[in-house]
Amino acid sequence: MNNTYTIVNVAVNRPLFKEFAYKVESLIGEECIGARVQVNFAHNNQVGVITKINPPINFDESKLKVAKLLDNKGIISDDIIKTLEFGSKYYQYPLGQCFNVAMPKLLRDGQKFSYEDIPALKLASTLDESKVAKIKSLEQKQILEILKTGAVKRKELRERGISSASENALIKKGLVELFNLEVENQKFFESDKPVLKEEPPAPNFEQQNAILIISHQESFKTFLLNGITGSGKTEVYLRVIENVLKKGKAVLILVPEISLTPQTFDRFYRRFNVPVSSMHSALSDRERLDAYIDMATSKSGILIGTRTALFTPIPNLGLIVIDEEHDSSFKQSDTFRYHARTLAIMRGKINNCPVVLGSATPSLETIYNVQRGLFEKIDLTIRAGGALLPKFELIDLRNEPLTDGLKTGLCESLENEIGDETAKGNQVLLFLNRRGYAHHLVCHLCGHVFTCPCCDNFLTVHKKNQRLQCHVCENFFPLPTKCPECGNEELVEQGFGTEQVCEYLEHRYPDIGVERIDRDSVTTKSQLETKLKRIREGQSQIMLGTQMLAKGHDFPDVTLVGILDVDSSLFSDDFRSQENTAQLLTQVSGRSGRGKKQGRVIIQTHHTDNQLINQLIDPNCDYLTIANGLLEARKNMMLPPYTSQAFLLCNSANRDKAFSFINDLSFKLSSIKSKFANLAITSVMSDKMEKVQNRYHFHMLVTSLERKTLSAFLIEVRKLVSLDSLPNDVRFAIEVDPITMY
Ligand code: ADP
Ligand code: ZN
């Protein structure tokens, strides 16, 4: 071996299932596995990751190109490399591209693995008490209260829902100083502060049981914490986390983006003296890298974040929690199409630490794994703090008069109930998973329906903005006044959305505040906070919203939940729609009756004899009973989780190109298929929406009884499709374990 350079294997960001040998012009060892290098690959400079030192090579070393070392030791930890290696094989996605998804953008761009300025606030060294006494703003008081325990990053205050205006006001008054946080070298477990900042509530019997079982588990094991909404799952996590931190180990908590509310952050920041880091979509690239470094260097002991936080190096990882494990946001739907639950469990296994999956409505996959004895289920069956579970009722729409209200989604009986509840000072939550004013617009004379020019999709009417909008590509057009086909001016709006229901509610109950919460009316975190605040403070008594409202929020004064349109989700051709409907309705219902008063859930439907609806309203039938029934049906139909599936996906702006490419592949596959027992592959089909953003989409679905067979077959697919040399303008992808049908 030559002693002036080291040969290394590098994973580069290209669609190639192999690593490439380069030489680094210094002597490095195993400590540099996971370090970044800058390489020239196919005439492009790019950042790659070292995966092997001194690999065996069988060609002339002098021909090797030089890689420039960017880190003097590995920054991507060994367990993450192993997790990604597993993920690359399982999801059939090139390792170098997996690294690319796993790294924060600034690292991907080759920037230094080190901090820059971190703006923070602290109390002024001499505090003018007379000025403090004069402060009226609650938020300013809150800031002073928080700063009493020490300096705090501005990022933390923002996450706790505090506005920068209040911070600036205090700075101006000279009560608070802005400074650049000295990055301490102290590791979180070296601090002499106690782990707990506040005394937690005493757990109830079931919580205590869960805390004991999980805390006793030192090695790898996956638990399902199956607790009804409001049963105190988060409180269980906090207690188990406390025990892990006390052993000097760190924890990773994955949550859906939607539940990263100030309340969630507050619970963690308030509970622990141990520094908490977070990762979510509202962070800047810089803040994301800072959080990454905080964790990688053990300055923080807790990371709470969304899907990609999974790939953050955490030395001495003692626990992984996935809250709302059934949530679809844990699945990435493009590039590296991984499920964070699958990879988190693998990471737990690699680190030999326990993994806790929490949910009131676990996924069928997880329940199946409990049945197979792979996961241990722990139940929380009562609501913490003694709140009662809501009662379900049905309204048979067939018996309701066809009022103006019903045309906009609200029947007379439900209107009366809303009136009664709000008159008693209670709050009402109405759920409709369709935004916009009207679902589509049709010409009364010729029947022309306005569709998106780029997608096979109806355009939704948005009245406030005077637009027609495509909810797939988000393109929008001015609201038309006449039909482009026949010139007729009578255009009929069909199908109601939240905007229309909100307009009706405001007109029907002019004295009661109505808050609409959906992606159109809420575009920033602070807008959401303002609306939630008006609800919490009782200024508004009715809230109407989409999924945004379904999860993660606590509304103690809501006593009535109205489900406006369940019918449209009952007749879907996706075999997961029943599971999803049961989860969504159980979650929405869980928003009700969280306080002292018993809540009710009213479902409007034209299909009172539908089995799923009847199970949902049956007090003797809980979510798990429904789920077990659905699993039985999946088993009989040979559907996941009893089989493993993968989509072969293809699209192009040129329909013929896409079609002939995948047809050709289908032909080639039919000849190798016979080598694989118990494997089925569909013929080529158009996606449900063939045209999306001017690209034409086709697919084949592969189903196998055995995961191993599926993986082996997909490797053959990959060999047939060289990702690096696809025909011009044809895109191809493999999606393993899809959670939606194409
Ligand atoms: P989940 O995560 O299951 O929805 P949470 O942990 O958020 O439940 O608990 C619901 C509510 O009950 C919260 O307001 C929480 O503070 C409270 N709570 C949880 N456990 C207890 C307990 N043991 N004693 C009193 N209140 C509790
Ligand atoms: Zn479109």
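The values are calculated or read from the model by the stated rules, or taken from the named source; none is laboratory data. Small disclaimer: the values here were computed from a predicted structure and weren't measured. Using ideal geometry, Cβ is built from the backbone for each residue, glycine included, and neighbour counts are taken over all protein chains shown. The area values use the complete protein model at the heavy-atom level, side chains included, leaving out ligands, DNA and RNA. Shrake-Rupley method; radii C 1.70, N 1.55, O 1.52, S 1.80 Å.
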| task | Would you be able to say whether some residue in segment 522-538 is in a helix (DSSP H, G or I), under 22 Å from Glu415 (Cβ atoms), open to solvent by 30 Å² or more (accessible area, probe 1.4 Å) and of a type outside the set (Lys, Arg)? | result | no
| request: Can you run down the residue pairs with Cβ atoms below 7 Å, 6 or more apart or on separate chains, where the first is in segment 443-467 and more than 16 Å from ligand 1 (Cβ to nearest atom) and the partner is assigned to a strand (DSSP E or B) and among the basic types (Lys, Arg)? | output: Cys455/Lys691; Asp456/Lys691
| Single residue of Arg576, Arg536, Arg594 found to be modelled with pLDDT of 90 or more and more than 17 Å from Ile258 (Cβ to Cβ) | Arg576
| Within segment 640-682, how many residues are among the β-branched types (Val, Ile, Thr), crowded, with 17+ Cβ neighbours inside 10 Å and assigned to a helix (DSSP H, G or I)? | 1
| task | Determine whether Asp724 is part of a helix (DSSP H, G or I), under 24 Å from Arg14 (Cβ atoms), open to solvent by 60 Å² or more (accessible area, probe 1.4 Å) and among the charged types (D, E, K, R). | result | yes
| segment 213-257: number of residues that are open to solvent by 40 Å² or more (accessible area, probe 1.4 Å), within 16 Å of ligand 1 (Cβ to nearest atom) and under 26 Å from Arg372 (Cβ atoms) | 1
| request: Considering only residues that are of a type in the set (D, E, K, R) and open to solvent by 70 Å² or more (accessible area, probe 1.4 Å), look in segment 446-502 and name the one that is nearest to ligand 2 (Cβ to nearest atom). | output: Asp456
| said: On the basis of being surrounded by 12 or more Cβ atoms within 10 Å (Cβ to Cβ), over 25 Å from the mean Cα position of the chain (by Cα) and within 12 Å of ligand 1 (Cβ to nearest atom), does Gln208 make the cut? | reply: yes
| message | I'm told Leu624 meets every condition in (1) away from ligand 1 (no atom under 16 Å from the Cβ); (2) part of a helix (DSSP H, G or I) except one. Can you identify the failing condition by its number? | response | (1)
| message | Test of understanding: among Thr403, Thr408, which residue is in contact with a helix residue (DSSP H, G or I) (Cβ under 6 Å, 6 or more places away or on another chain), more than 16 Å from ligand 1 (Cβ to nearest atom), without any contact (Cβ under 8 Å) to a residue 40 or more places away in the chain and more than 30 Å from Asn694 (Cα to Cα)? | response | Thr403
| Only one of Leu564, Leu549 is modelled with pLDDT of 85 or more and either within 29 Å of Leu630 (Cα to Cα) or of a type in the set (A, V, I, L, M, F, W, C) (or both); which? | Leu564
| Does any residue of segment 393-407 turn out to be within 19 Å of Glu499 (Cβ to Cβ), of a type outside the set (Gly, Ala, Ser) and either surrounded by 15 or more Cβ atoms within 10 Å (Cβ to Cβ) or within 16 Å of ligand 2 (Cβ to nearest atom) (or both)? | yes
| field | Any hit, segment 267-278, residues being farther than 27 Å from Ile75 by Cβ, within 13 Å of ligand 1 (Cβ to nearest atom) and hydrophobic (A, V, I, L, M, F, W, C) | value | no
| query | Going by the structure shown, is Lys197 crowded, with 16+ Cβ neighbours inside 10 Å and either in contact (Cβ under 8 Å) with a residue 60 or more places away in the chain or within 30 Å of Arg383 (Cα to Cα) (or both)? | reply | no
| Given the residues Val442, Val428, which is the only one that is under 28 Å from Thr523 (Cβ atoms) and away from ligand 2 (no atom under 16 Å from the Cβ)? | Val428
| request: Tell me which residues, restricted to segment 366-391, are of a type in the set (A, V, I, L, M, F, W, C), open to solvent by less than 30 Å² (accessible area, probe 1.4 Å) and within 15 Å of ligand 1 (Cβ to nearest atom). | output: Ile378, Leu380, Ala387
| How many residues does segment 683-731 contain that are under 25 Å from Glu474 (Cβ atoms) and in contact (Cβ under 8 Å) with a residue 24 or more places away in the chain? | 16
| field | Residues satisfying the stated conditions in segment 683-695, i.e. open to solvent by 60 Å² or more (accessible area, probe 1.4 Å) and under 30 Å from the mean Cα position of the chain (by Cα) | value | Met685, Lys688, Gln693, Asn694
